[in-house]
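The values are calculated or read from the model by the stated rules, or taken from the named source; none is laboratory data. Remember, predicted model here, so these are calculated numbers, not experimental data. No Cβ is skipped: glycine too gets one built from the backbone with ideal geometry, and neighbour counts run over all protein chains shown. Accessible surface is based on the protein model in full, side chains and every heavy atom, while ligands, DNA and RNA are left aside. Shrake-Rupley method; radii C 1.70, N 1.55, O 1.52, S 1.80 Å.
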Amino acid sequence: MRHIDYLDRLDFPDFKVSVKASDVFMAVAAYRDLAARIEQPLHLGITEAGGLRSGTVKSSIGLGMLLMDGIGDTIRVSLAADPVEEIKVGFDMLRSLKLRSKGINFIACPSCSRQNFDVIGTMNQLEERLEDVMTPLNVSVIGCVVNGPGEAKETDIGLTGGSPANLVYIDGKPASKLRNDHLVDDLEQLIREKCAKNSSSKTL
Ligand code: SF4
């Protein structure tokens, strides 16, 4: 607070404040306290959060609690991992909180013995292949009819596992069938076509 007073007295308003800590509870309490006392923007972070998995969980919990309270203006995810992962995690965090909508929001089931295609393999490949897409789109990838049709009705593109072919829904309506042989290629193509269509209809 003393440093903020110095800057105020010097009439220097162009700064933001960060009070990162590696302890989630300490960081959240500090930011909440600060947000109640000052007007300046806050830069959020759980510093030295850990490796890719544990650091992602800690950062998501800490930053998620604050962002849900409307606290925070910029964020940094600190991971002992490839810095590219920090950006991806931060972006997914904002997308999960619906603070950003760019890119594909995947809904996928955890898969089980009822799955009619390799749900996990399909999801991993799609996420990797479609990283460049910035058009907002909801895509569900569900292994069987237990949850597939329900999720597909709420998404722009929905894949429901079935035998002998899987059913694709577009805008909630059954549209085509895809066999397992070229499932990822075909689905990627459909998603890219839908993104292009949505983008061009927005610019008309
Ligand atoms: S939707 Fe079907 S395949 Fe997916 S986890 Fe549920 S029962 Fe299993």
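In the list Gly161, Gly172, which residue meets the criterion of being touching a residue at least 40 places away in the same chain (Cβ under 8 Å), open to solvent by less than 40 Å² (accessible area, probe 1.4 Å), of a type in the set (Gly, Ala, Ser) and within 13 Å of Ser140 (Cα to Cα)?
Of the residues listed, the single one that is touching a residue at least 40 places away in the same chain (Cβ under 8 Å), open to solvent by less than 40 Å² (accessible area, probe 1.4 Å), of a type in the set (Gly, Ala, Ser) and within 13 Å of Ser140 (Cα to Cα) is Gly161.
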Restricting attention to the stretch 127-153, which residues are open to solvent by less than 20 Å² (accessible area, probe 1.4 Å) and either away from the ligand (no atom under 16 Å from the Cβ) or touching a strand residue (DSSP E or B) at 6+ places or on another chain (Cβ under 6 Å) (or both)? Leu130, Val133, Leu137, Val139, Ser140, Val141, Ile142, Gly148, Ala152
Of residues in the stretch 77-109 being among the polar types (S, T, N, Q) and not in a loop (DSSP other than H, G, I, E, B), the one least open to solvent (accessible area, probe 1.4 Å): Asn105
Collect the residues in the stretch 15-51 that are under 30 Å from the mean Cα position of the chain (by Cα), open to solvent by 80 Å² or more (accessible area, probe 1.4 Å) and of a type outside the set (Gly, Ala, Ser), keeping them in residue-number order. Lys16, Phe25, Met26, Arg32, Glu39, Glu48
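Would you call Asp73 more than 18 Å from the chain's Cα centre (by Cα) and not small (Gly, Ala, Ser)?
Values: more than 18 Å from the chain's Cα centre (by Cα): no; not small (Gly, Ala, Ser): yes.
Here the answer is no, as Asp73 does not meet what is asked.
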Taking the stretch 110-140 and keeping only residues that are under 14 Å from Val184 (Cβ atoms), in a loop (DSSP other than H, G, I, E, B) and not charged (D, E, K, R), one is left with Phe117, Leu130
